[in-house]
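The values are calculated or read from the model by the stated rules, or taken from the named source; none is laboratory data. None of these values were measured; they are calculated from a predicted model. All Cβ positions, glycine included, derive from the backbone under ideal geometry; neighbour counts span all protein chains shown. Surface accessibility is based on the protein's heavy atoms, side chains included, excluding ligands, DNA and RNA. Shrake-Rupley method; radii C 1.70, N 1.55, O 1.52, S 1.80 Å.
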Amino acid sequence: SLFDSPGERYVKTRQSVQCFTVIQLGKSCASRENELHSSHWYVVHSYNFFLFPSTLGDVEFTLSTSSIQFLSHYGFDYNKFLKDGIPYMNEVQEEVFSKHLLGGSWTARSALESDVLKKAIEEVTDWIAGAEEEETMILQDLSGYQMFEVQLVLRQALQNVWTELLGDKKVMVKKVSPQNRRLLEKSPHDCCQKELILLSARGFTNLFQAIVEAKKPLVGHNMLMDLMHLHDKFYKPLPESYEEFKRNVHKLFPVLIDTKTVTKSIWKKCALPQVSGLMEVYDVLCSSSLNSKDPTCPVIALASDCSRYAEKKSPHEAGYDAFLCGSVLLKSAHLLLGRSTDDAVETDPSFSQYLTVLAEYLNKVNFIRGGVASINFSGEDVPCQHPPLLVVHVKSWPGVNERHIYQEFKALCPFDVRRLSTNQFILISNKFKQVRLVLRNYKHHPNLRVSVYRHWRHSPAVNCLLR
């Protein structure tokens, strides 16, 4: 709602983030390749990660049917997400996991994994009864963390076996003597050491920590929800306080760049089509009409191991969207650099120059339809300059509610509506011309009197005080 303050919106969005999980995350790294190409070439390595939460006990999360249909339309691989998703955990979950790990208490994370463990134990128990010492068998088709759980459970249940990882999705089981078992347990190369198990269970969180420690600029498009998920899933559960959330994010990522915020400004400064979606923005900025005018414009090439994205568009696949995001940033920064100087852009603009010209947008994350244009993660949020609020006084309309008022005015402008009193409603819009149109068209309406909202005149609290 346009009535939302950043704090109110945070409370709403926090509830959503806590219900849903992250199923895919994309990451693109761009570097200048001066040795092979001219200096304004950037080579991008883009990666797409399928994720699945990793905690002890069952994990519950919500599925949205519209989201499932949307992702299915764009070819999302649900089997890969469910079977091969990389685990992750935040600091609170990691603390609980570590306590279980040190205490030696193991429970299967789901009925599916319980069945996998039960089958493995049955296979090994049947085999070991007739096996000779040093004889081995192979357990196959184990995925992710199952390979550790199976080994830990077997070692705990059977004192005359030893286990080792054997390639992808396989575990070797060997029958050994008790003396040999004790020697093997002291081996520094044992894959089931507690530190290695924790490293595996943390999964993608290890990469998240590497990104945090690198302190590179983090780029996204309309990235508020992304930042909330990153905080909640890989750092700590989202705090109740909006200001604490801002401080935490700024500590993790000191330089944020939202390409939505940047391009909204560019459409105003440059004579370019105003588009919103990431793919459309990318297409406009990469159009031949722009590129042909400026030979110093950055050339963005995908690395050879990411050639699939070069050959085929993959909209709404996280790795591809990350590539689009980085490309939009570089193209936008170059446009702004060209406008900031009267002279032609030098043949070798550095990334630090791009950051300088982007200075006014740093740490300003786009805020959709609300009381501010962007959330400032390094300072105070600046309120929007909305058109004046309107107040609608209703006569002769029994049972009228916000939905009725919205339907009445939506043909002229989709106002957001809030009830002020029994027969009064406040309208808010982000378009000045629509406000003027409503004031003019409803000037002589028999049942609806529309006027500009004046706090001292219309506020119920002020009226109560005056009475």
> Restricting attention to region 175-191, does a residue exist that is open to solvent by less than 70 Å² (accessible area, probe 1.4 Å) and under 34 Å from the mean Cα position of the chain (by Cα)?
Replying inline: yes
>> As an exercise: evaluate TRP456 against (1) outside any helix (DSSP H, G or I); (2) among the hydrophobic types (A, V, I, L, M, F, W, C); (3) over 30 Å from LYS246 (Cα atoms); (4) free of Cβ contacts under 8 Å to residues at least 24 places away in the same chain and give the number of the one condition it does not meet.
In response: (1)
> Among the helices (runs of 4 or more DSSP H) contained in region 240-290, which hold 1 or more residues that are more than 18 Å from SER374 (Cβ to Cβ) and out of contact with any strand residue (DSSP E or B) (no Cβ under 9 Å at 6 or more places or on another chain)?
Replying inline: 242-252, 278-285
> Looking at this structure, is ALA108 hydrophobic (A, V, I, L, M, F, W, C), over 23 Å from ASN206 (Cβ atoms), modelled with pLDDT under 85 and assigned to a loop (DSSP other than H, G, I, E, B)?
Replying inline: yes
> Between residues in region 155-184 that are on the phi > 0 side of the Ramachandran plot and touching a residue at least 24 places away in the same chain (Cβ under 8 Å) and residues that are open to solvent by 50 Å² or more (accessible area, probe 1.4 Å) and outside any helix (DSSP H, G or I), which pairs lie under 7 Å by C-beta distance while being six or more apart or on different chains?
Replying inline: LYS169/GLN140; LYS169/ASP141
> Here is a list of conditions, (1) at pLDDT 90 or above; (2) under 23 Å from the mean Cα position of the chain (by Cα); (3) assigned to a helix (DSSP H, G or I), and HIS316 meets all of them except one; can you say which number that is?
Replying inline: (3)
> If you take the residues of region 76-92 that are open to solvent by 40 Å² or more (accessible area, probe 1.4 Å) and touching a residue at least 40 places away in the same chain (Cβ under 8 Å), which of them is farthest from the chain's Cα centre (by Cα)?
Replying inline: LYS83
> Could you count how many residues in region 428-446 are closer than 17 Å to GLN385 by Cβ and open to solvent by less than 40 Å² (accessible area, probe 1.4 Å)?
Replying inline: 4
> If you check GLU134 against the conditions, is it in contact (Cβ under 8 Å) with a residue 24 or more places away in the chain and on the phi > 0 side of the Ramachandran plot?
Replying inline: yes
> How many residues does region 214-241 hold that are open to solvent by 30 Å² or more (accessible area, probe 1.4 Å) and not aliphatic (A, V, I, L, M)?
Replying inline: 11
> Taking the condition touching a helix residue (DSSP H, G or I) at 6+ places or on another chain (Cβ under 8 Å) and closer than 30 Å to SER459 by Cβ, does SER340 pass?
Replying inline: no
> Do you know which residues across region 232-267 are of a type in the set (Val, Ile, Thr) and within 15 Å of the chain's Cα centre (by Cα)?
Replying inline: VAL249, ILE257, THR259
> Quick one: what pairs do we get from region 349-364, first residue assigned by the TED database to the domain that holds ASP258, second surrounded by fewer than 16 Cβ atoms within 10 Å (Cβ to Cβ) and modelled with pLDDT under 90, C-beta under 6 Å, 6+ apart or different chains?
Replying inline: VAL357/SER340
> Right, VAL394: surrounded by 15 or more Cβ atoms within 10 Å (Cβ to Cβ), modelled with pLDDT of 90 or more and out of contact with any Asp or Glu (no Cβ under 6 Å at 6 or more places or on another chain) or not?
Replying inline: yes
>> For region 406-424, give me each residue that is touching a residue at least 24 places away in the same chain (Cβ under 8 Å) and either surrounded by fewer than 19 Cβ atoms within 10 Å (Cβ to Cβ) or farther than 16 Å from ASP4 by Cα (or both).
In response: GLU408, PHE409, LEU412, CYS413, ASP416, ARG418, LEU420, SER421, ASN423, GLN424
> So which residues in region 211-227 are closer than 18 Å to VAL328 by Cβ, charged (D, E, K, R) and not in a helix (DSSP H, G or I), if there are any at all?
Replying inline: LYS216
> Can we say LYS268 is within 21 Å of LYS313 (Cα to Cα) and either outside the structural domain of PHE52 (by the TED database) or not acidic (Asp, Glu) (or both)?
Replying inline: no
> Restricting the search to region 346-385, which residues are at pLDDT below 85, open to solvent by 30 Å² or more (accessible area, probe 1.4 Å) and in contact with a helix residue (DSSP H, G or I) (Cβ under 9 Å, 6 or more places away or on another chain)?
Replying inline: GLU346
>> With the structure loaded, tell me whether ARG449 is farther than 26 Å from THR263 by Cβ, of a type outside the set (Val, Ile, Thr) and open to solvent by 20 Å² or more (accessible area, probe 1.4 Å) or whether it fails that test.
In response: yes
> What's the number of the condition THR263 fails, among (1) at pLDDT 95 or above; (2) open to solvent by less than 20 Å² (accessible area, probe 1.4 Å)?
Replying inline: (1)
> So is ARG403 open to solvent by 50 Å² or more (accessible area, probe 1.4 Å), without any contact (Cβ under 8 Å) to a residue 24 or more places away in the chain and more than 25 Å from VAL372 (Cβ to Cβ) or not?
Replying inline: yes
>> Just to be sure before I move on: is ASP305 of a type in the set (Asp, Glu) and assigned to a loop (DSSP other than H, G, I, E, B) in the structure I sent?
In response: no
